Amino acid sequence: MQRDDYFRCPIWSTYEGSILKELDKASDKHINQAKLNMDKELKERNAKYGDRGDMGYTFQSDSLINDGNFQDFQDYIGATSYNLLDEMGFDLTDYQVHIMELWVQEFANQGGGHHTLHTHWNGHISGFYFLKSGEKTSMPVFHDPRAGNVMNLLPEKDEKQITYASSKVHYTVKAGVLMFFPSYMPHLYTVDLGYEPFRFIHFNCQAIPKEFSNK
């Protein structure tokens, strides 16, 4: 029989090592501030339940959009997101792609940092740029966005193989890897065990009609 594949969900990845050191260094002050913001809460928790250091915490910066050190990066991911939406078949003649959210996160040194399954509302392209990552760190896991399919899934013959029966896929990433995906893709981060530092930039882009974006 002829087989036709429809309703495919793309995930793009590439290695961009040339900007790694620059963006990692520019992120330091934001991560340090995020840790300072959580210092009181951490001390209270450890005093109440016992000292576990920063175990279980995820340190998230404020927005990086107004930090000039990330402007070239924003220009790049904005233009790339436009091209990827165009590649997917969307007509962007009357739209402009804007970066709506941009922040850096670092998981706890003592392990336990993670993200539960989620999507990003009111967006079109999301992505990650990994600043500190490797085989011993957390990793992104993407889940099937088709609710009807997930509701009726049968058991997989071999979960280690990517097939039509697969409901999720994970990526083992290293520092310098840049990923893009549609914002509707449910994703999570596995629990980090604290063996190595884990830090990444997260961004969300939205295509906005030009009649609104120019006002």
Karplus 3J(HN,Hα) series, Hz, for segment 27-43 with 6.51 cos²θ - 1.76 cosθ + 1.60 (x for Gly, Pro): 7, 3, 5, 6, 5, 4, 5, 4, 5, 5, 5, 9, 4, 4, 4, 5, 4
Amide H partners (placed H, <5 Å) of residue 198, local residues excluded: 107
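Counting Lys and Arg as +1 and Asp and Glu as -1, each charge on the Cβ, what is the dipole of segment 1-82 about the Cα centre in debye, to the nearest 20?
Its charge dipole is roughly 400 debye.
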Inter-centroid distance (Cα atoms) of segment 136-215 relative to segment 44-95, Å: 14
Highest average packing first - 122-130, 188-196, 175-183, Cβ atoms within 10 Å: 122-130, 175-183, 188-196
Signed unit charges on C-beta, dipole axis of the chain, positive-most listed residue 31, 111, 163: 111
Cβ-placed point charges (K, R +1; D, E -1), dipole of segment 41-131 about Cα centre in debye, nearest 20: 600
Theoretical gain in end-to-end length, residue 13 to residue 87 [0.36 nm per residue, Cα-Cα removed]: 25.2 nm
Under 5 Å, built H, 5+ apart or other chain: amide partners of residue 123: none
Value of [θ]222 nm, deg cm²/dmol, for the chain, DSSP H segments ≥ 4, -39500 (n - 2.57) each, nearest 500: -8500 deg cm²/dmol
Residue among 84, 131, 179 farthest towards the positive dipole end of segment 12-213, charges placed on Cβ: 131
Relative contact order (percent, whole number), the chain, Cα cutoff 8 Å, 6+ residue spacing: 32
Label of the coordinate-derived value, log10 I(q)/I(0) by the Debye sum over Cα atoms at q = 0.08, 0.09, 0.15 Å⁻¹, listed as [x] -0.25, -0.31, -0.96; [y] -0.32, -0.39, -0.95; [z] -0.33, -0.42, -1.06: [z]
For the chain, size of Cβ-based charge dipole, Lys and Arg +1, Asp and Glu -1, in debye: 580
For residue 65, residues with placed amide H under 5 Å, excluding near neighbours: 102
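Rule-based calculations on the coordinates, nothing more; no lab input. Note that the structure is predicted; figures quoted are calculated from it, not measured. Here Cβ is always computed from backbone atoms with ideal geometry, including for glycine, and neighbour counts include all displayed protein chains.
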